[in-house]
Structure formats: C-alpha cells, structure tokens
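Student: Take a look at this one; I'll ask things after.
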Amino acid sequence: MKRATIVCTIWCLAVVVGAMATPPDAAAQSATRGKHVFRKCLLCHVLDPKGTDHLAPPLHNVMGRQAASIKGFSYSTIMAFAGQKGFKWTREALFYFLDKPEEFMPGTYMAFAGLETQERKDVIAYLEKLTRDFENNKVPGKQTDSRGTSSGQSRVNQFSPVQ
Ligand code: HEC
C-alpha cells in the first residue's frame, strides 16, 4: 500500500472515530457474555504476553494499548503505521475495528469478518476486564510503560484459556 493511501486511511479513521465516538452503553455490556464471544478471537490470539510467535498478537492488556506495540510481532504496514501515529485501542476504536476490521483498516492482517453490535460491546467489556486483571497483578517495581513486552511471564498462568 502506498504511503499516501495509508496516511489518508489513518486520517479518515481518526475523523470517523472522532465523529462517531459515541461510547458503547456500559450498562448494556456483559463481560461474561464477552468471554464467550472471545472464543472466536482465541482462534488466532493468545493472552500470553510473550506469545509473539503466534498468528496474532497477545491481547492480555489491549485496552488503551498503542496499536502494534507488542515487540517481536510482525504487524501489517497499516497497523504498524497506526501505532507510530499514536493510535490506541480505546473502546471506540475497538468498537469500529471489530465491526469490519478490513474496512476500518484496509490491509490489516486480521482476516476476520467482524462481530454484531452486541457481541462487540460484550467482548470489549471482557477485554477491559482482562486488562484490569493484568494491571492489578503487576509485580511491584515493574515498569509501567513496558506493557506486555517483558516481565509479564509470571502472571501468564492466571489467564487460563477461556472455557
Ligand atoms: C483469523 C485470525 C484472527 C481472529 C479470529 C481475530 N484476530 Fe485480531 N488480529 C489478527 C492478526 C493477524 C492481527 C495483526 C493485524 C495486523 O498486523 O494488521 C490482529 C490484531 C488485532 C488487534 C490489534 C492488536 C495490536 O497489538 O495492535 C486487536 C485489538 C485484535 N486483533 C482484536 C481481536 C478480537 C477482539 C478478536 C475477536 C473478536 C480478534 N481480534 C479475532 C488475527 C485475528
């Protein structure tokens, strides 16, 4: 993809997300249902912070994380570019990305058709829970800016696979 196209796409994304940034209704979300939806994600994704050699990057702390920030994972050009531009995985960003990943980010390696509105709300609630759990269990003295890149190994086992 040409750089100009990528720049335009990112810019358009920012505009669309900015204009449509109506946060999903928190009351209508269910992390419990989201855990169920998350099974679909586990076809490709892992929760192990060190699991960078899988098909897709680990999602243990994805809420608020900068796009393409898992070191050692080979992201697509557009995802890497979004990350360089400071694009972060907020609720809104995830809400639109998970609708139709390929439309939201043309050229992404995430070959996934997308989720229904309710499924998106629920899976985002679950991703928030996972991130909170991960953050709360941070070992003392761990650098807060190295999210998911280095010393999360000891806590990995807490993330048992979704039943
Ligand atoms: C078919 C495999 C596949 C499935 C299923 C899948 N993903 Fe992905 N996902 C990927 C790949 C590959 C990437 C890397 C994309 C890139 O580099 O463009 C990715 C990237 C992501 C990212 C960006 C991560 C980062 O570090 O910036 C998020 C967030 C994400 N996926 C969430 C989800 C969620 C939530 C689900 C389930 C609803 C899901 N994915 C289902 C393959 C998949």
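The values are calculated or read from the model by the stated rules, or taken from the named source; none is laboratory data. All values reported here derive from a predicted model rather than from experimental measurement. Here the Cβ positions follow ideal geometry from the backbone for every residue, glycine too, while neighbour counts run over all protein chains shown.
Student: Would you point out the residue of the stretch 41-57, among those that are surrounded by 13 or more Cβ atoms within 10 Å (Cβ to Cβ) and more than 6 Å from the ligand (Cβ to nearest atom), that is modelled with the lowest pLDDT?
Tutor: The residue in question is Thr52.
Student: So which helices (runs of 4 or more DSSP H) are wholly in the stretch 38-107 and hold at least 3 residues that are of a type in the set (Lys, Arg)? Step through it out loud before you land on a result.
Tutor: Details: elements: 77-84, 91-97, 101-104.
Helices (runs of 4 or more DSSP H) meeting the threshold: none at all.
Student: Tell me which of these Thr77 doesn't satisfy, since it passes every other one: (1) surrounded by fewer than 17 Cβ atoms within 10 Å (Cβ to Cβ); (2) without any contact (Cβ under 8 Å) to a residue 60 or more places away in the chain; (3) within 9 Å of the ligand (Cβ to nearest atom).
Tutor: (2)
Student: Here is a check on your reading of the model: is Trp89 aromatic (Phe, Trp, Tyr) and at pLDDT below 95? Don't jump to the end; show me each part of the working.
Tutor: On the way: aromatic (Phe, Trp, Tyr): yes; at pLDDT below 95: no.
No; evaluated as a whole, the condition is false for this residue.
Student: Would you please name the residue that is nearest to His60 (Cα to Cα), looking only at residues in the stretch 108-127 that are part of a loop (DSSP other than H, G, I, E, B) and touching a helix residue (DSSP H, G or I) at 6+ places or on another chain (Cβ under 6 Å)? Even if it seems obvious, please write down each step before you answer.
Tutor: First pass over the stretch 108-127, keeping only residues part of a loop (DSSP other than H, G, I, E, B): 108-116.
Filter once more, so that each one left must be touching a helix residue (DSSP H, G or I) at 6+ places or on another chain (Cβ under 6 Å): 108, 110, 112.
Numbers: Thr108: 20, Met110: 17, Phe112: 19 Å.
Result: Met110.
Student: Just name the residue that is farthest from the ligand (Cβ to nearest atom) out of those in the stretch 100-135 that are crowded, with 19+ Cβ neighbours inside 10 Å and basic (Lys, Arg).
Tutor: Among those that are crowded, with 19+ Cβ neighbours inside 10 Å and basic (Lys, Arg), it is Lys121.
Student: Looking for whichever is over 18 Å from Cys44 (Cβ atoms), among the polar types (S, T, N, Q), out of contact with any Phe, Trp or Tyr (no Cβ under 8 Å at 6 or more places or on another chain) and modelled with pLDDT of 95 or more here; the options are Thr149, Thr131, Thr108, Thr144. Which one fits? Working first, answer last.
Tutor: Values: Thr149 fails: modelled with pLDDT of 95 or more; Thr108 fails: over 18 Å from Cys44 (Cβ atoms); Thr144 fails: modelled with pLDDT of 95 or more.
Exactly one residue qualifies, and that residue is Thr131.
Per-residue answers, yes or no, for (1) aromatic (Phe, Trp, Tyr); (2) within 13 Å of the chain's Cα centre (by Cα):
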position	(1), (2)
Lys50	no, no
Asp53	no, no
Pro57	no, yes
Met63	no, yes
Gly72	no, no
Ser76	no, no
Phe81	yes, no
Gln84	no, no
